[in-house]
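A.B. asks: Encoded as structure tokens, here's the structure I'll be asking about.
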Amino acid sequence: MNAIDNKSAIKPVPQFKAFVQAKCPRCRRGDMFANGMYSLSGQNMYKKCPHCDMTYEREPGYFYVAMFVSYAMNVAEMVTFAVLTHMITGSMDPWLYIGVLFGSIIILSPFNFRYSRVMLLYWLTPGLHYRPELSADKRENGK
């Protein structure tokens, strides 16, 4: 098989699937995080993609922007849970809303931490694009 056939044999990884699985935005193969979302050992993010060696932190302090993305996610979740609580219970008791909102914030904080970073890399970083040629297995390229 020559190099041209090998490149055409590379099947592109769908963006949504790679996003949900928190894969590298450049090759869509390497994991961004070392552990599961709700792992007791914490959320450890790799410094570089294990597949294509892309550095995830594009510049010093890069992930501070993810804090603002996480804030927007929290606001959307709180509004959603407040509306759902009102629709389901019809109650105006502030302690019910405080309990539901704090509970949802605590339960969803690992999700928000992870996906705020994934969103930042996938959709909010100019110049970072999927490169299908990097998706190939390293073994296929003889490396």
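A.B. asks: Out of F111, F81, F102, I need the residue that is touching a residue at least 24 places away in the same chain (Cβ under 8 Å), part of a helix (DSSP H, G or I) and more than 21 Å from V13 (Cα to Cα). Which one?
C.D. replies: F111
A.B. asks: Looking at region 86-97, can you tell me whether even one residue there is in contact (Cβ under 8 Å) with a residue 12 or more places away in the chain, of a type in the set (G, A, S) and surrounded by 11 or more Cβ atoms within 10 Å (Cβ to Cβ)?
C.D. replies: The answer is no; no qualifying residue exists.
Condition check ((1) closer than 24 Å to K23 by Cβ; (2) modelled with pLDDT under 95; (3) surrounded by fewer than 17 Cβ atoms within 10 Å (Cβ to Cβ)) across all residues:
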{"site": "E59", "(1), (2), (3)": "yes, yes, yes"}
{"site": "V79", "(1), (2), (3)": "no, no, yes"}
{"site": "G103", "(1), (2), (3)": "no, no, yes"}
{"site": "F111", "(1), (2), (3)": "yes, no, yes"}
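A.B. asks: I need every pair where a residue in region 15-31 that is over 16 Å from F111 (Cα atoms) and in the same structural domain as R131 (by TED's automatic domain parsing) has its Cβ under 7 Å from the Cβ of a residue that is hydrophobic (A, V, I, L, M, F, W, C) and assigned to a helix (DSSP H, G or I), sequence separation at least 6 or different chains.
C.D. replies: Between residues of region 15-31 that are over 16 Å from F111 (Cα atoms) and in the same structural domain as R131 (by TED's automatic domain parsing) and residues that are hydrophobic (A, V, I, L, M, F, W, C) and assigned to a helix (DSSP H, G or I), the close pairs are P25/L121; R26/L134; C27/L134; R28/A18.
A.B. asks: Do the conditions hold for R131, that is, is it buried (at least 17 other Cβ atoms within 10 Å of the Cβ) and either in contact with an Asp or Glu (Cβ under 8 Å, 6 or more places away or on another chain) or within 24 Å of P14 (Cβ to Cβ) (or both)?
C.D. replies: Answer is no for this residue.
The values are calculated or read from the model by the stated rules, or taken from the named source; none is laboratory data. These figures come from a predicted structure and were not determined experimentally. Here the Cβ is made from the backbone with ideal geometry for all residues, glycine too, and neighbour counts use every protein chain on show.
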